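Here's the structure, in structure tokens; my notes come after.
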Amino acid sequence: MMRVARILLVGIGVGLAASSWAAAPATSDSPATAETAVISVAKHLSPPYALYLYESLKRQILSNERVMEHLDSPQSPMAKDSLWALDIISQSTLIEGQDGQYLDVRLVPPFFTDIAARYLSPSHYWPDQEVTQDNRREHLAAWYAIYLMLLVANETQDEIARVLQNGMFDRNPEGLHAGGPSLVDRLHREKVLSDEAYALVSIKRSGPTGRESLQFPPYLSSWKAKVSAAYGAQ
């Protein structure tokens with residue numbers, strides 16, 4: 001079973017860790033596509049968001065490992081491939097140091113802009129493609145990366161600060177403000193995201209705190225439903 005590498009320090013790497021399913025950043029500046037909207041957000045994943053994203057990734061790994069403890073579960077094949085996908089994200093944002101692997105926060109924005117350019121480009125828009133037994137793992141990996149990034153980008157600054165102060169990094173993150181808006185809300189207010197682009201990256205919440213239901217943009221929800229169906233999972 002996959003294990004995520006231990007993080008010792010926030011590093012300062014010098015290049016983008018390649019993966020088998022990442023590509024060059026998009027050059028389109030159209031705000032009306034999922035690709036450009038996601039890229040606009042990814043470029044603003046400053047260090048606190050990068051650290052929180054890694055904390056979120058660790059939680060996702062633990063969740064899928066719990067599913068894998070029940071090998072006869074119909075969810076096991078999807079959980080196994082989810083661990084593979086999460087490992088790609090992890091290893092693509094780490095560098096090797098003398099005493100272990102280091103999270104390099106500078107690798108996080110390029111990685112997610114690459115994923116958006118590869119999978120959400122209008123010329124080869126993966127959410128509309130057929131999901132089969134042969135390609136379901138790659139679909140899952142691409143979906144998972146965008147899903148995870150949008151979860152982080154829609155989180156409040158208070159929650160990010162709380163997690164970072166009590167998580168594996170045990171640090172008081174700079175650049176976050178009490179009561180501050182989520183990253184996507186801030187970018188919308190600053191007009192980095194148009195109304196149309198904002199709708200493609202914002203998550204709507206409803207219900208009581210701790211038991212909220214999340215409504216993702218339609219392209220992401222329908223893509224996940226197709227991937228789940230390919231695994232025979234609900």
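Points worth noting:
- Boolean, Val41 is touching a helix residue (DSSP H, G or I) at 6+ places or on another chain (Cβ under 8 Å), part of a helix (DSSP H, G or I) and crowded, with 22+ Cβ neighbours inside 10 Å: yes
- Among the residues making up segment 190-227, those that are farther than 16 Å from Glu155 by Cα and in a loop (DSSP other than H, G, I, E, B) are Glu190, Lys191, Val192, Leu193, Ser194.
- If the condition is being more than 30 Å from Asp72 (Cβ to Cβ), over 17 Å from the mean Cα position of the chain (by Cα) and not polar (S, T, N, Q), then segment 205-233 contributes Arg205, Gly207, Pro208, Gly210, Glu212.
- The residues of segment 49-66 that are free of Cβ contacts under 8 Å to residues at least 40 places away in the same chain and surrounded by fewer than 17 Cβ atoms within 10 Å (Cβ to Cβ), listed by number, are Arg59, Leu62, Ser63, Arg66.
- Reported count of residues in segment 210-234, each being touching a strand residue (DSSP E or B) at 6+ places or on another chain (Cβ under 7 Å) and aliphatic (A, V, I, L, M), is 1.
- No other residue among Gln91, Gln133 is closer than 28 Å to Ile160 by Cα, among the polar types (S, T, N, Q), in contact (Cβ under 8 Å) with a residue 12 or more places away in the chain and surrounded by fewer than 17 Cβ atoms within 10 Å (Cβ to Cβ) apart from Gln91.
- The single condition from (1) modelled with pLDDT under 90; (2) under 23 Å from Ala229 (Cα atoms); (3) crowded, with 16+ Cβ neighbours inside 10 Å that Tyr119 fails is (1).
- Scanning segment 65-124 for residues that are among the hydrophobic types (A, V, I, L, M, F, W, C), within 26 Å of Pro48 (Cβ to Cβ) and assigned to a loop (DSSP other than H, G, I, E, B) yields one hit, Leu120.
- Test result for Glu190, acidic (Asp, Glu) and more than 20 Å from Pro122 (Cβ to Cβ): yes
The values are calculated or read from the model by the stated rules, or taken from the named source; none is laboratory data. Keep in mind that what you see is a predicted model, and the values were worked out from it rather than measured. So basically every Cβ, Gly included, is an ideal-geometry build from the backbone, and we count neighbours across all protein chains shown.
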